[in-house]
């Protein structure tokens, strides 16, 4: 069982944005580029196909020593022996997911403000997702873009990792990390890239550069 890292470039998969490439192929290239966490997300596919893809992705993440998180589907996470699952505000309640995912399984919960973050922590989430930080077309959400202004409050609200997401790209990832983020989730700028490995490597390089600069201040 691979633990959640102290800092991470967190990949969220999306079959529709992958330009005809299979999810395992995208994940393989992204892992070669340096992603630290993989979330398998496919809300439209039938369960059998999700399990099939999940088992193939699981082989890759185990080999790379990277945790695999399954979006929404706690049952699939357990079936493929993933490290954990991630639930949103309209999915199975976090407390129920936690009851199904005994430690050391990882539970992530989506939030969009500090109060949600505190409730997720009370429900024994291992990390939270916070966003959307910027405008994003990848995921439909009722929350308006948060920008960087709310990030310090959310980081201070909980003693668990905060994974920021939504509209993050090579152009703004250094600003996001400079604002305090140690965990950054991305989707389209990796899975839809011409060169998935290079896209992941560029993001990882810029993220690590910004973390080093922040520590030096």
Quick check on the chain: helices-only [θ] at 222 nm, where DSSP H runs of length 4 and up contribute -39,500 (n - 2.57) each and the sum goes over total residues. Nearest 500, please.
-12000 deg cm²/dmol
Quick one: grab the alpha carbon gyration tensor of the range 126-217, order the square roots of its eigenvalues as a ≥ b ≥ c, and give me rounded if a/c is under 1.5, else prolate or oblate depending on whether a/b is larger than b/c.
oblate
Between residue 171 and residue 194, what is 0.36 nm times their sequence separation minus the Cα-Cα distance? Round to one decimal in nm.
6.6 nm
Only bridges whose two residues both fall in the range 8-216 count here: according to DSSP, what percent of them are antiparallel, nearest 5?
0 percent
Burial order of peptide ranges 178-184, 81-87 (average beta-carbon count within 10 Å, highest first):
81-87, 178-184
Efficiency of FRET between residue 137 and residue 62 - r from beta-carbon atoms, R0 25 angstrom, step 0.05:
0.20
Defining a contact as two alpha carbons under 8 Å apart and six or more residues distant in sequence, what relative contact order in percent does the range 8-216 show?
22 percent
With no solvent and one point on each alpha carbon, what is the Debye value of log10 I(q)/I(0) for the chain at q = 0.12, 0.17, 0.18 Å⁻¹?
-0.56, -1.22, -1.39
Residues 111, 47 arranged by fewest to most Cβ contacts within 10 Å
47, 111
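Values quoted throughout were computed directly from the atomic coordinates according to the rules given, and no laboratory measurement underlies them. Computed from a predicted model, the values in this text were never measured in an experiment. Ideal geometry is used to build each Cβ from the backbone, glycine not excepted, and the neighbour counts take in all protein chains shown.
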